[in-house]
Amino acid sequence: MMKAPISWLKDFVDIKIDLKDYAHALTLSGSKVEAIEDLGESIEKVVVGKILSMEQHPDADKLRIAQVDVGNEILQVVTGAPNVNTGDLIPLALPGAKLPGGTIKVSKLRGVESYGMMCSIEELNLTKDYLPDAPDDGVYVFHNNPAVGSDVKETLGLEPVVDFEITSNRPDCFSMIGLARETAVTLKEQFRKPEIVVKEEGNGKASDYVSVEINNPDLCSRYAARVVTNVKIEPSPAWMQRRLAAAGMRPINNIVDITNYVMLEMGQPMHAFDLKCVQGGRIIVRTATENETITTLDGQERQLNPSMLVISDENRAVAIAGVMGGENSEVTDSTDILLLESANFDSKSVRLTGKKVGIRSEASSRFEKGLDVENVIPAINRAAQLIEELGAGNVVPGIVDCNPVKAKPVKLQLDAGFINRLLGTYIDTEWMLDLFEKLEFSVDRKTMMLTAPTFRPDIQGEADLAEEVARFYDYNNIPATLLQGRASTMGRKTVGQRMEELIHQQMLSSGLYETYTYSFTSPKVFDKLCLPPDHILRNTVNITNPLGEDFSIMRTTTIPEMLEVIRTNYSRKVEEGRFFEISYVYLPIEGELLPDEKKTLTIGLYGNADFYLMKGIIEQLLEQMNIHDIDFSPVADHPAFHPGKTAKLTIAGVTVGYLGEVHPEVAENFDCPLNTFIAVLDIQPMIDNADMTREYKALPRYPAVSRDIAMLIRNDILVKEIEGVIRQRGGKILEGVRLFDVYRGDQVPAGMKSVAYTLTFRSADRTLVDEEVNKVMEKILEGLKTNLGATLRE
Amino acid sequence: MKEQLQMIADEAMAKMEEVQDIKSLEEIRVLFLGKKGKLTGILKGMGTLSAQERPIIGQMANDVRNRLEDAIQKTRSRLAKKEREERMARETIDVTMPGTVIPRGKKHPLTLVLDEIKEVFIGMGYEIAEGPEVELDYYNFEALNIPKNHPARDEQDTFYINDKVVLRTQTSSVQVRVMEKKKPPIKIICPGRVYRSDAVDATHSPVFSQVEGLVVDKGITMGDLIGTLQVFAKSLFGENTNIRLRPHHFPFTEPSAEVDVSCWSCGGKGCRICRNEGWIEILGSGMVHPKVLQNCGIDPKVYSGFAFGLGVERTAMGRFNIDDLRLLYENDIRFLKQF
Ligand SMILES: [Zn+2]
């Protein structure tokens, strides 16, 4: 984010159009305008007033009555502010004035008429950063003697500030000059380069005072120093303070403000040292030693290590290079000779160092993006110029400039054909050449060779040139086409994707609502699921930098999130809920970098639900997918499930998952109701066994014969086993087996149950006769008796 | 006898006038036309008639029979109609009472949006590709022209598993995997979950969904990208939707663009939803960076391509006017029922 006060930009380029149009134009050429803040926007009819007299209000101790000269008239104003006196110049909101807090009206205060209001900075929606001379409390009093009756917006320089979003590839645009340059090319205006003239007048030469050595030229390609004597520390002038405040920086004192001002204007961070504290007058750019520490300007002691670059004097580090200065060489009120630093540090080094010490300063955030080696000298000269102009000190002649690594400008041949082919345009070469000239490339029109300016590190290849052309041509002027003349491709979903869609549809048909839950969770969920310490699901993929423990592991089961969904709804008094989710679990694989990401269907039911509803939902899904060789078996091996109400689903011998009632203890742990049902099923084996081939079978031509049987059988014998025997004995003519009653109770002996079936028999080629059916029935009954100990019930 | 026949006919017709139900009508029929009925009785007396009279009376008796039968038939249908109407009147129900519902669930709003997006692109000849969420640093960053220590890595606030493995910050990682395996022409979209370490609030979630699109072939242009996005935006947000491209920076595309659509709420005039701009940012896009093509073994001198990516949550929030992203992951059924 870069805040540019409009007057600052106008130092370098004319902006003649409406600010809204300006914002739009710059946004479309790549400098996105996030907002235009107008500091004076909500202030109207507030003028400079001079207090001619003050008297006590007859009926109120805390009020006084002032006569205020506003230029063309004298107004009576009642005020409660204790800090104003006769002779003071104050901002006066006239009747009808608009302030952020509302409109000012003529009013009566305890019987005395008041024709306006004296304003504090808060009432003008300003801060002390912008008007540092404002009192903490009370009405603002002007100190710079503005004309009585003048509009305070002009007096205070309240102006629009443009907020730009700058992308990380454009370090040059983190400066007024860079933005002005973009503005000039976008608006087709002239860019006015700043004229920098330094008046040097100190004694001797800079090199008499200071020497510079660079031990690590790979991390510091240039270091320039200037020396200023007779330094007079004082507040910087109001115009500079206001620009800094409008750009979002707090004014400190003239020297610090000048370094910040130059950074904002030119994009080159600067630092000022108290030269008396730079021991031996030597600047050594080196890496820190093991166990070295420095106390930075913010008063914090920082641990350094050899991966960090520091600015050092003869004995100790005086700054962390490009990140923050040290307290030991800070400019103070008593500083009278100082060293100005303008340097180029390696972007990666600054970024990593800043990260390690935990500082991200205005300086480091610029260095991180890679700055222009060639900007070092203009920037230090600009600072020297301001020091001279502001009377902050005398600039000693000369610069100590240590520049072991020179800028290497990138040369690229302009291939207009390539650019037009990439963009799908017909832009002519001349237009492109003119553009690159305006963008300060050096252009050889004979060889079509372009040399990128050193402040544009983003220009590396032909595609980058294409982007320059496109953004000033305006992306939106590129004609829209639709892959003309290319071989067409077929769009389709894979079998797996279609199957997944079918699962989705079937879940909806069963009345389930789809959920989305997070894929990471807390390691604590395993205890809540009552999993033993060595349970396989506790083997997880862990996030090293999570947002907190609750989000620190990739889930190996979706049960906790589904229970969480149920808890949310249940706790909000929703009586019943039926949910499903299709999502992944992440299972580490021994010896592999990446885990197995298993797509899982999770179903959750509560309220008006039972095991058989859950099973029915799944059976219907399997039916829709035409999956055979299905087996549901009772299991008690999953600690999160009720041991007597849980089944394992296998398809063709492969375990697909579990369905059942949640273990009461687990339900309690998750604040879910008892009778909560969950299913977790792997999707892949279902897809693998789905049979999407369809074949017509002739409809039956002969009638079916049905017989009912009821038997007494041991309670622990599963219906599945009974049916197994019936089917095995029933042979070819047995068509259907339908369970219609299971009964335990009064009429049945303890430990037994009564089970009743309707069996249907049919033959494809004849009408069955009774004897045939009777014979098979006998075989079935015989089987039930011998294999399962069933007795026939009459 | 003539008189007798006439009397019977008159009597029967009179009774039929008065009859109120089908059962009584049947009794009348039996009384007059039955085997022991009055008409039959008269015909039995035919034997006493002269040969001359016989055919005349016979004819007359037949006429009477026919008349009666006809009248009975008519009366029957009159009565049947009456009874039907009475029954229907009794059966009348209150059609304003609620219908019997076969309960059906609903898709999550994110799936609704994803499905629409998939449909649009499948219609344009794209295939759907998927890839791992726990991803190698190489596919998520390096191959996409984001080397170690690149500032863009900070912007994406990555979750790390270890120094080689991350939770993917973008579905662009799938592009690389596809380009490594498949030769152009490539036309894919990659929907999926992505992760960034943003704290949860009304507009941020550490888990969210993206759809990435990629086209690589000979002679693909930025104009093709714009045309494709126009079709997409119109399909998703309505025929009157316009798009606007703004230059931006992504390490894996060059030129790069952020794409705005004209506000779906105000149509571009400016409103609360578009923060008075008339435009809403929905996706990032650009021409595939030559280095990325090279990293995937595709010669950037021969082939070019475009890529785009959009956030599904953001799109869904716009489409359904959802003001808090957290609702999408909270799964309150009263929320889910609304879609
Ligand atoms: Zn709008």
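The values are calculated or read from the model by the stated rules, or taken from the named source; none is laboratory data. Since the model is a prediction, treat every value here as computed from it, not as a measurement. Here the Cβ positions follow ideal geometry from the backbone for every residue, glycine too, while neighbour counts run over all protein chains shown. Remember, those area values only see protein heavy atoms, side chains included, never the ligands or the DNA or RNA. Shrake-Rupley method; radii C 1.70, N 1.55, O 1.52, S 1.80 Å.
Here's how it looks for A:H642: its modeled amide H is under 5 Å from those of A:E661, A:V662, A:H663, which are all 5 or more places away or on a different chain.
3J(HN,Hα) along the range A:523-537: x, 5, 4, 5, 5, 5, 7, 6, 7, x, x, 9, 5, 4, 5 Hz, from the Karplus curve 6.51 cos²θ - 1.76 cosθ + 1.60 with θ = phi - 60°, whole Hz, x for Gly and Pro.
Taking amide hydrogens as placed 1.01 Å from N in the peptide plane, the amide H of B:G125 sits under 5 Å from those of A:G491, each at least 5 positions away in sequence or on another chain.
Each peptide in A:252-262, A:357-367 gets a packing score, the mean of other Cβ atoms within 10 Å over its residues, and the list from highest to lowest is A:252-262, A:357-367.
Measuring only protein heavy atoms, the 1.4 Å probe finds A:F418 accessible over about 50 Å². Ranked from largest to smallest solvent-accessible area, with a 1.4 Å probe on the protein heavy atoms, B:W279, A:W431 come out as A:W431, B:W279. Per-residue SASA remark: A:E301, around 130 Å² accessible (1.4 Å probe; ligands, DNA and RNA not included). Beyond 30 Å in Cα-Cα separation lie the following of the pairs B:K2/B:K36; A:K524/A:K645; A:K408/A:K446; A:K45/A:K188; A:K598/B:K301: A:K45/A:K188; A:K598/B:K301. With the highest mean first, a sort of the peptides A:67-75, A:174-182 on other beta-carbon atoms found within 10 angstrom per residue produces A:174-182, A:67-75. The Cβ shell under 14 Å around A:A35 holds other residues with a net charge of -3, Lys and Arg each +1, Asp and Glu each -1. Averaged over peptide A:470-477, the number of partner chain Cβ atoms lying within 10 Å of each residue's Cβ comes to 5. When both bridge partners sit in the protein assembly as shown, DSSP labels roughly 95% of those beta bridges antiparallel.
For the range B:205-339, just say rounded, prolate or oblate: build the C-alpha gyration tensor, square-root its eigenvalues into a ≥ b ≥ c, call rounded for a/c under 1.5, and beyond that prolate if a/b exceeds b/c, oblate if not.
It is prolate, given that a/c is not under 1.5 and a/b is the larger ratio.
Take A:693-702, A:557-566 and order them by the average number of nearby Cβ atoms within 10 Å per residue, most first; the result is A:557-566, A:693-702. Protein-only accessible surface at a 1.4 angstrom probe places the residues A:T481, A:T103, A:T676 in the order A:T103, A:T481, A:T676, largest first. Averaged across the residues of B:241-251, what count of C-beta atoms belonging to other chains lies within 10 Å of each residue's C-beta? Whole-number average of other-chain Cβ neighbours for B:241-251 is 5. In terms of the Cα gyration tensor, with a ≥ b ≥ c the square roots of its eigenvalues, is the range A:648-794 rounded because a/c is under 1.5, prolate because a/b exceeds b/c, or oblate? Taking the square roots of the gyration eigenvalues as a ≥ b ≥ c, the range A:648-794 is oblate.
What percent does the relative contact order of chain B come to when contacts are Cα pairs within less than 8 Å and at least six residues apart?
Over chain B, the number comes to 15 percent.
Sorting A:V46, A:V148, B:V120 by accessible area puts them as A:V148, B:V120, A:V46; the probe is 1.4 Å, largest comes first, and only protein heavy atoms count. When restricted to Cα atoms, the protein assembly as shown yields an Rg and a Dmax of 44.5, 170 Å, respectively.
Mean sequence separation of contacting Cα pairs (under 8 Å, at least six apart), scaled by the length of the range A:1-90, corresponds to a relative contact order of 21 percent. Computed from Cα atoms, the angle from the helix B:2-18 axis to the main principal axis of chain B rounds to 30 degrees. A simple spin-label model places the labels of B:H204 and B:E69 9.5 nm from each other, with each point 7 Å out along Cα-to-Cβ. Peptide A:164-175 shows a mean partner chain C-beta count of 2 within 10 Å per residue C-beta.
How high is the FRET efficiency from A:K598 to A:E668, r the C-beta distance, R0 30 Å, rounded to 0.05?
0.60
For a straight C-alpha distance cut-off of 13 angstrom, the aspartates and glutamates reachable from A:K10 (same-chain residues fewer than eight places away being disregarded) are A:E159, A:E182, A:E189, A:E265. Using R0 = 35 Å, the C-beta based FRET efficiency linking B:T48 and B:E27 works out to 0.75. For the range B:128-141, the Karplus equation 6.51 cos²θ - 1.76 cosθ + 1.60, evaluated at θ = phi - 60°, returns couplings of 9, 10, 10, x, x, 7, 7, 10, 5, 3, 4, 6, 7, 10 Hz by residue, with Gly and Pro reported as x. Taking every protein chain into account, the 1.4 Å probe leaves B:K106 with about 70 Å² of accessible area, to the nearest ten. Using the alpha-carbon atoms, what tilt in degrees (0 to 90, nearest 10) does helix B:109-123 show relative to the longest principal axis of chain B? With both axes taken from Cα atoms, the answer is about 80 degrees.
Just from its helices, what would the mean residue ellipticity at 222 nm be for chain A, if runs of 4 or more DSSP H residues each count -39500 (n - 2.57) and the sum is divided by every residue, rounded to the nearest 500 deg cm²/dmol?
For chain A, the value works out to -7500 deg cm²/dmol.
So for chain A, averaging the separation of alpha carbon pairs under 8 Å that are six or more residues apart and normalising by length, what relative contact order in percent results? Reported relative contact order: 8 percent.
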